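No value in this document is a laboratory result; all are computed from the given coordinates. Since this is a predicted model, take the numbers as computed values, not measurements. No Cβ is skipped: glycine too gets one built from the backbone with ideal geometry, and neighbour counts run over all protein chains shown.
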Amino acid sequence: MVSQRAYSPALGLVLVLFLQACVITAPEKDSKSVPTVERPDREVELNLNLPEPSDCNCQPEEGVVDYTFLERGMQALARGEYIEAVQQFQRYQRLEKGDTARWEADLAIAYVSMLPRSPFYDGDAALLSFTQLQQDYREDMQLNDSIALLYEALDAFLQQAKHLDDLENSNAILREDLAKREQALKRLRELTLGQREARQ
């Protein structure tokens, strides 16, 4: 037992020295087996083909509106895709926070609900909405050209609806008047026939 303890540290030391010598004197690799990659000491530049930076202030101007969703909605409306059009108008309303954008989107949606082929068709609701939008309109609003055209179309629709209401009211009054005249003629006939019978 005593001899094993004396050899253990010496054996451990020899083993460590042997392993260290193996690491330091690693055999050279055959140049044909594995190619070596030499790494340069300098950094490699990547060319991304980006434009040169300019001295301009690239912040979006205050008051500049992105009409992308509004234009997409108008294109969908022109194709007869009413659901897609309303979704684009709603996106435009959400992304552009100004009063003008809200007003434009509401007007476009009111226009869609005025169209008989639209799944959102409700002429009365469109008229109510448009009447409210007319009250909310301000002269300082700078409207998109397409929205200005829709405004004119809705205004013409409103005028026609008012004219139709006036005609229906006049027609109802004429019907009442005609019914009264028919009653008066009926009484007059009865009176005339009654007088003739009395004479005979």
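Given a Förster distance of 30 angstrom, what is the FRET efficiency for T131 paired with R79, based on the Cβ-Cβ distance and rounded to 0.05?
That pair, T131 with R79, gives E of 0.60.
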The stretch 123-162, Cα convex hull volume normalised per residue, Å³: 66 Å³
Binned Cα-Cα distances of the stretch 68-153, short to long, each 5 Å bin given as a whole percent: 3, 16, 28, 28, 18, 6, 1
Ellipsoid semi-axes in whole angstrom, largest first, where each is sqrt(5λ) of the Cα gyration tensor of the stretch 89-139: 20, 14, 6
For the stretch 88-121 versus the stretch 122-162, the gap between their alpha-carbon centres in whole angstrom: 11 Å
Highest-first arrangement of 153-163, 136-146, where packing means the average Cβ count within 10 Å: 153-163, 136-146
